[in-house]
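Trainee: The structure's right below; bear with me while I get my questions together.
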Amino acid sequence: MKKRLILLAALFPFPALAADASYPDLPPLSQVEAALNSNLNVMTAETGIKVEQANQRRWEAGNHEFNLRMGAAHRHVVNTERRVPEWDVALERPIRLPGKSGIDSSIGAEGVAHAEFVLGDSRHEAGRQLLHLWFNWQRARAQAGQWQQQVDILTQQAAMTEKRLAAGDAPRMELNQARAAVAQAAVALQQARVRTETAASEIARQFPDLALPPQIQQAEPQPVGHDLSYWRTRILDSNHELGMAQSEARIQQLKAERSRADRTADPTIGLRYSSEMGGNERVTGVYMVVPFSFGVREAVAEGATYRAEIAAERESAVRRRLEQDALNAYSQGVGNFETWKQAHEAATGVRENADLMARAYGLGESSLSDVLTARRLALEAALTETVAQLDANEAHYRLLLDAHMLWPLDEHSGDASR
């Protein structure tokens, strides 16, 4: 197990500080590790390593077994009309020719390596799903909080309007407008709460080991460092899916080599002992059986060669798709950060305008309709800013995750060798 982890760490290096980095808007690393380890697909992949380890022992042992042959007969001596019993027994076993055992061992070892890539890919996909669900919940929760603030502000606005109505400074129509705005905001608040509960229940269903905190310290988005070339290299060098495709290509190449070696069939060596003429003759001997193929083995080898070519082409296709995925992740990280900056500037200006409009209404210098419009625009701008902020953080974390710089995806608590 330790050797496998060392191998994975060599294949997919990530910064030593990645596990200790502090991300206040993400769940604690200990909870993330527990959630990933208990994921169904991850546990299935860990069992898959055990399966391939058993297959490795099978490949190393080979498929040949000892066979015991036994027979009995009666010899009819025509001249004497005698019938004498006879019997024979033989022990035989096919012998794997030199060179084939080394290929079989390589196939078994590569099968285990492929299963380890599957485990890493399962942890990576589980990490992506966790990150996606986590930010879905944050978005819904943040929107519910902003709608709650809107309800509180509009409630205060309605109370102020009611006082002005009592003092004769406002018509009843404005009070009706204020109360209607409170009711509409309350409906939106209830809808946001439902979305928050739904997102929370989805996290609890898929990652029961993940505890949702009562408060989250929102992190200000950070610009994406380095250029596209840097991120593409990091993502491809640490990508388990590409490792799976490369490992599958190596397996098919080895199997094609094994099929070509099988064009020369393995002989069977046997030891025979027989009793003839009623025990008057005892025969001991050694024999060999050599199969001859008339095109079957050649066709099998040819088919294996084509399968190896298909696996190599699939590896190239996976690499091209992952390069495009890296470009998309980088572009999204950069673009979402710029979107958040623009949304932040817009929300700041609209919010200041809404506050000025509210003070003007308190002084009798503006109408309630203008105030409600300003409040609505401020809320829309705040919601846009919040979503843009969370989108920017999620895209940045997704980029780090794909590059194995966010969570140590190549480590797991289970020991598949046991």
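The values are calculated or read from the model by the stated rules, or taken from the named source; none is laboratory data. Bear in mind that the values here come from a model prediction, so they are computed numbers and not experimental data. As a convention, Cβ positions derive from the backbone with ideal geometry for all residues, glycine included, and neighbour counts pool all protein chains shown. Calculation scope for accessible area: heavy atoms of the full protein, side chains included, ligands and nucleic acids excluded. Shrake-Rupley method; radii C 1.70, N 1.55, O 1.52, S 1.80 Å.
Trainee: Expressed as cubic angstrom per residue, what is the convex hull volume of the alpha carbon set of segment 54-166? Present the calculation step by step, with values, prior to reporting the outcome.
Mentor: Numbers: hull volume 20.1 nm³, N = 113.
Value for segment 54-166: 178 Å³ per residue.
Trainee: Using r as the Cβ-Cβ distance of residue 186 and residue 217, and R0 as 30 Å, what FRET efficiency do you calculate, to the nearest 0.05? Could the numbers behind the result be given before it?
Mentor: On the way: r = 28 Å, r/R0 = 0.93.
Using R0 = 30 Å, I get an efficiency of 0.60.
Trainee: Counting only protein heavy atoms and a 1.4 Å probe, tell me what percentage of the chain's accessible area is made up of carbon and sulfur.
Mentor: Working: 12280 of 22730 Å².
Carbon plus sulfur share of accessible area: 54 percent.
Trainee: Still on this structure, please answer the following. So, by mean Cβ neighbours within 10 angstrom, what's the order for 234-247, 115-128, 29-42, 180-193 with the highest one leading? The partial results should precede the final answer.
Mentor: Details: 234-247: 20.6, 115-128: 22.5, 29-42: 18.1, 180-193: 16.6.
With the highest mean Cβ count within 10 Å placed first, the list reads 115-128, 234-247, 29-42, 180-193.
Trainee: How big is the Rg/Rh ratio for the chain, C-alpha atoms only, Rh by Kirkwood, two decimals? Each step should come with its number before you reach the end.
Mentor: Values: Rg = 36.6 Å, Rh = 28.0 Å.
Using Cα coordinates only, the ratio equals 1.31.
Trainee: With a 1.4 Å probe and all protein chains left in place, how much accessible area per residue does the chain have, in Å²?
Mentor: Details: 22730 Å² over 418 residues.
Result: 54 Å² of accessible area for each residue.
Trainee: If a/c stays under 1.5 just call it rounded; otherwise compare a/b with b/c (prolate if a/b is bigger, oblate if not). Do that for segment 207-265, with a ≥ b ≥ c from the square roots of the Cα gyration tensor eigenvalues. Mind showing how you got there, number by number?
Mentor: On the way: a/c = 11.93, a/b = 2.24, b/c = 5.33.
Oblate is the answer for segment 207-265, as a/c is 1.5 or above yet b/c matches or exceeds a/b.
Trainee: Another one. According to the square roots a ≥ b ≥ c of the eigenvalues of the Cα gyration tensor, what is the shape class of segment 224-316, taking rounded for a/c under 1.5, prolate for a/b larger than b/c otherwise, and oblate for the remainder?
Mentor: Working: a/c = 8.32, a/b = 3.50, b/c = 2.38.
Note, shape of segment 224-316 comes out prolate.
Trainee: Using just the alpha carbons, could you tell me how many Å³ per residue the convex hull of segment 102-197 encloses? Intermediate results must be reported in sequence, preceding the final value.
Mentor: On the way: hull volume 6.7 nm³, N = 96.
For segment 102-197, the hull spanned by Cα atoms encloses 70 Å³ per residue.
Trainee: Here is a further query. Please express the Cα-Cα pair-distance distribution P(r) of segment 58-108 as a list of whole percents, one per 5 Å bin, running from 0 to the bin with the greatest distance.
Mentor: Per 5 Å bin, starting at zero, the Cα-Cα P(r) for segment 58-108 comes out as 5, 16, 15, 12, 10, 9, 7, 7, 6, 6, 5, 3, 1 percent.
Trainee: If R0 is 22 Å, what FRET efficiency do you get for residue 51 and residue 128 from their C-beta distance, rounded to 0.05? Before the final figure, lay out the partial values.
Mentor: On the way: r = 25 Å, r/R0 = 1.13.
Efficiency, rounded to the nearest 0.05: 0.30.
Trainee: Run the paramagnetic zone check for residue 31: 7 angstrom along Cα to Cβ, then residues of segment 204-228 with backbone nitrogen under 17 Å.
Mentor: Taking a point 7 Å out along Cα→Cβ of residue 31, the residues of segment 204-228 whose backbone N falls under 17 Å are 204-219.
Trainee: Using Cα pairs under 8 angstrom and six or more residues apart, how large is the relative contact order of the chain, in percent? Numbers along the way, then the final one.
Mentor: Working: 530 pairs, mean separation 111.6, N = 418.
Once divided by the residue count of the chain, the mean separation gives 27 percent.
Trainee: Which net charge results when you count Lys and Arg as +1 and Asp and Glu as -1 among the other residues whose beta-carbon is under 11 Å from that of residue 403?
Mentor: Around residue 403, the charge tally is +1.
Trainee: Which length gain, in nm to one decimal place, applies between residue 286 and residue 299 when the Cα-Cα distance is subtracted from 0.36 nm times their residue separation? Please report the intermediate quantities before stating the final value.
Mentor: Numbers: separation 13, 0.36 × 13 = 4.68 nm, distance 3.25 nm.
Length difference between fully extended and current span is 1.4 nm.
Trainee: Moving to a separate point now. Expressed as cubic angstrom per residue, what is the convex hull volume of the alpha carbon set of segment 164-301? Mind dumping the intermediate values first?
Mentor: Numbers: hull volume 56.4 nm³, N = 138.
Output value, Cα hull per residue: 409 Å³.
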